[in-house]
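The values are calculated or read from the model by the stated rules, or taken from the named source; none is laboratory data. Keep in mind it's a predicted model, so treat the numbers as computed, not measured. No Cβ is skipped: glycine too gets one built from the backbone with ideal geometry, and neighbour counts run over all protein chains shown.
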Amino acid sequence: MKMKTLRSKRLCAGDIIGLISPASPVFDILKIDNAVKYLESSGYKVQRGKNIYKRNGFLAGTDIERADDINRMFADDEVKAIFCLRGGYGSGRLLPLIDYNLIKANPKIFAGYSDITALHLALFKECKLITFSAPMPAVDFQPPIEEYTVSHFFDLISSKNGCPTSEFHLQKGNIISNGKAGGPLLGGNLTLVTSLIGTPFLPNFKDAVLFLEEIEEAPYRIDRMLNQLSLSGLLAKISGVILGAFTNCKGSNPEKPTLSLEEIFHNYFTKLNIPVIKNFPHGHITEFQTLPLGCPVTIDTEQKKIIFEINPVI
């Protein structure tokens with residue numbers, strides 16, 4: 001039986017937000033305090049994960065400790081949303097330790113981006129939960145606050161009336177391939193999407209709209225990962241592509257020849273005969289829109305719109 005897409009209850013004033021650290025540690029503890037102050041001043045209550053101050057090399061505690069914070073937050077009826085403090089590395093290590101049956105019974109707003117992509121994909125694969133590629137407290141809730149980024153996020157997860165990204169107007173230069181297509185929006189950071197190929201935690205991308213973003217990867221590495229997506233058969237399944245920010249993705253040695261990102265994108269995507277757009281404002285940039293992953297989306301290059309079909313919260 002096909003699993004129904006899960007949506008979380010919208011966030012309301014006075015709700016409790018849980019903070020977790022599923023990947024790298026927050027080395028500057030002041031950033032956690034700043035985030036808590038910001039959330040409390042915005043009218044919410046905060047519950048800090050039991051293990052968010054732990055350190056284990058390049059990880060924020062052991063895998064068991066970090067996964068335990070995820071499971072505890074979903075099990076706590078008082079917690080209405082779960083925000084990942086930061087990305088970095090390590091979320092993928094937690095996938096076998098997460099209680100997906102618990103999460104299916106207790107869907108909640110779950111937010112983060114970058115390395116958190118592994119968790120987004122696994123939660124959709126196992127639970128069909130719409131999650132949010134969104135600003136992170138230890139990164140984006142720091143002074144000076146980028147108001148557009150943060151307000152867009154909170155508008156989306158607290159909205160009664162629909163998704164504020166329901167219409168993103170495309171400029172001509174942002175269209176790589178024309179067309180109209182729809183499906184669930186799936187993806188995130190390119191490195192993390194690629195890392196789940198061959199694992200049981202990668203969702204079925206059939207008829208999905210693929211979203212990708214990346215930071216500080218040389219063009220040949222972008223090419224290698226897209227080649228892997230192609231060889232795996234993933235690109236042959238999708239209905240459309242949205243490319244976000246590819247921040248500082250350039251060759252380190254100007255003396256060495258390289259393909260441009262534009263050439264790489266055209267090589268892999270134009271032959272698919274599906275709509276492909278670039279420069280969507282999301283990724284490792286200061287001002288960006290939150291994306292509801294798993295939410296049905298339509299790309300229409302003739303109307304020059306990306307339409308999110310449902311409100312991702314209820």
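Quick notes
- Test: Leu293 is under 29 Å from Ile130 (Cα atoms) and at pLDDT 95 or above: yes
- Restricting the first member to the stretch 176-192 and to residues that are under 10 Å from Ile274 (Cβ atoms), and the second to residues that are in a strand (DSSP E or B) and at pLDDT below 95, the beta-carbon pairs closer than 6 Å and six or more apart or on different chains are Lys180/Asp300; Ala181/Ile299.
- Residue match in the stretch 136-148 (condition: hydrophobic (A, V, I, L, M, F, W, C), surrounded by fewer than 24 Cβ atoms within 10 Å (Cβ to Cβ), free of Cβ contacts under 8 Å to residues at least 40 places away in the same chain and assigned by TED's automatic domain parsing to the domain that holds Asn34): no
- All positions within the stretch 275-292 that are farther than 24 Å from Asn248 by Cα and out of contact with any Lys or Arg (no Cβ under 8 Å at 6 or more places or on another chain): Pro292
- Among the candidates Ile157, Ile175, Ile197, residue that is of a type in the set (Val, Ile, Thr) and farther than 27 Å from Ser21 by Cβ: Ile175
- For the stretch 96-115, the criterion of being touching a Ser or Thr at 6+ places or on another chain (Cβ under 7 Å), over 18 Å from Lys31 (Cβ atoms) and among the aliphatic types (A, V, I, L, M) is satisfied by at least one residue.
- Boolean, Phe124 is in a helix (DSSP H, G or I), more than 28 Å from Asn204 (Cβ to Cβ) and modelled with pLDDT of 95 or more: no
- Single residue of Ile103, Ile82 found to be crowded, with 16+ Cβ neighbours inside 10 Å, assigned by TED's automatic domain parsing to the domain that holds Ala122 and touching a strand residue (DSSP E or B) at 6+ places or on another chain (Cβ under 6 Å): Ile82
- Unique residue being more than 17 Å from the chain's Cα centre (by Cα), in a helix (DSSP H, G or I) and charged (D, E, K, R) when the list is Asp223, Asp207: Asp223
- Filter result for Ile64 (touching a strand residue (DSSP E or B) at 6+ places or on another chain (Cβ under 9 Å), hydrophobic (A, V, I, L, M, F, W, C) and either assigned by TED's automatic domain parsing to the domain that holds Met136 or more than 22 Å from Thr191 (Cα to Cα) (or both)): no
- Of all residues in the stretch 14-28, those that are outside any strand (DSSP E or B) have Cβ atoms under 8 Å from Cβ atoms of residues that are surrounded by fewer than 24 Cβ atoms within 10 Å (Cβ to Cβ) and among the basic types (Lys, Arg), 6 or more apart or on another chain, in Gly14/Lys45; Asp15/Lys45; Asp15/Lys80; Ser21/Lys54; Pro25/Lys54; Pro25/Arg55.
- Residues of the stretch 232-286 that are over 15 Å from Glu217 (Cα atoms) and charged (D, E, K, R): Lys237, Glu255, Lys256, Glu263, Lys271, Lys278.
- Residues in the stretch 189-220 that are out of contact with any Leu (no Cβ under 9 Å at 6 or more places or on another chain) and under 21 Å from Thr258 (Cα atoms): Thr191, Ile215, Glu216, Ala218.
- Matching residues, the stretch 57-88, being in contact with a helix residue (DSSP H, G or I) (Cβ under 8 Å, 6 or more places away or on another chain), under 10 Å from Pro25 (Cβ atoms) and free of Cβ contacts under 8 Å to residues at least 40 places away in the same chain: Leu59, Ala60
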